[in-house]
Amino acid sequence: MDKPPLVLLHGVGLDRTMWEPVTALLADRFTVIALDLPGHGARPPVRGDVTLAELADGIAGHIPTGSHLVGFSLGALVAQQLALHWPELTRTLTSVSSVCRRTPDERAAVRTRLRHAESDFAASTAASIERWYAGTTVPSGMVRRTEATLRANDVDSFLGCYRVFAGADAELGPRLGDITVPSLAVTGENDPGSTPEMTHRLAAALPDCRAVIVPGARHMLPVERPQAFTEALTTFIAQSAQLTDESAPGDTAHV
């Protein structure tokens, strides 16, 4: 029997290689498909006024029908857009380190980071690395690899995608209730941007969603804690397939 497709979508400024710590852990159960979003990795740059819809449309043709969609940060917003507008592609939806319906203070914070990136891309990259990895045990080689990926971006393309990340949660917010597939919202306990509060907010907004908070983890959850992330994901997918009570909306768990 063929293994079900599981599609991985990375965050802004990153590429499909960010998923390497977890792909080996998933390959025995799924056909794992890690994609570069438009404007990232091997894909050509995008315009500075790119939209969330364009990012989603740009990868929809590479996603098999009935996939388990897993998106990280910006990739989570793209996955939510796909679940809304390409529902036939989506068997389950997992939003990793996702923002949701930012408060005015949260929106002001991300706009400040956007202005920093617009004025000093190199310093913004260094600040991102600090925010994502400070105090973690992620090997220095992996941290340097993330930094190299960020620095290799076409700046105008990166800024266009960051503008999507900074504003798309407001666009998606009123429509989240239309996403009816089984869903998981998962983040790290110490993620300063995609906070546990946002994850609970997303779980409450989606009709069939549970929240998982990974203790002690920061933003780069699949890199920092690949085993814990994989366990949360595979448990959710298995429970969804079995239609158990544990996958009912509003459940919260720690792993």
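Quick note: the coordinates plus some simple rules give every number you see, no bench work behind them. Given the structure is predicted, the values throughout are model-derived calculations rather than measurements. With ideal geometry, Cβ positions are generated from the backbone for all residues, glycine too; neighbour counts draw on all protein chains shown.
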Computed helical MRE - 222 nm, the chain, DSSP H runs ≥ 4 contributing -39500 (n - 2.57), nearest 500: -14500 deg cm²/dmol
Long-range tail of P(r) for the stretch 54-142 (Cα pairs > 20 Å, %): 52
P(r) histogram, all alpha-carbon pairs of the stretch 41-189 included - 5 Å bins from 0, percent: 2, 9, 16, 20, 21, 17, 11, 4, 0
For the stretch 96-243, size of Cβ-based charge dipole, Lys and Arg +1, Asp and Glu -1, in debye: 80
Nearest 10 degrees, 0 to 90: helix 121-133 Cα axis against the chain principal axis: 40
Cα-based helix-to-principal-axis angle, 196-205 vs the chain, degrees rounded to 10: 50
Residue list for the stretch 111-152, given a label point 7 angstrom along the Cα-to-Cβ vector of E197 and an amide N cut-off under 20 Å: 111-114, 131-132
Between the stretch 160-176 and the stretch 1-66, the Cα center-to-center distance that results, in Å: 18
Longest to shortest principal axis, alpha-carbon extents of the stretch 1-109, angstrom: 48, 30, 28
Relative contact order %, the stretch 18-94, counting alpha carbon pairs below 8 Å whose residues are six or more apart: 24
Taking the stretch 157-214 and dividing mean pair separation by its residue count, relative contact order in percent (alpha carbons under 8 Å, at least six apart): 37
Fully extended contour minus Cα-Cα distance, from Q242 to E20, at 0.36 nm per residue: 77.1 nm
For the chain, size of Cβ-based charge dipole, Lys and Arg +1, Asp and Glu -1, in debye: 320
Per-pair calculated FRET efficiency, R0 = 30 Å: V155 and A109 via Cβ, rounded to 0.05: 0.90
Shape parameters for the stretch 19-68, alpha-carbon atoms, Rg then Dmax in Å: 13.1, 40
Inter-label distance, nm, simple model (7 Å from Cα along the C-beta direction), A123/A60: 4.1
Computed over the chain: relative contact order in percent, which uses C-alpha pairs under 8 Å that are six or more apart: 21
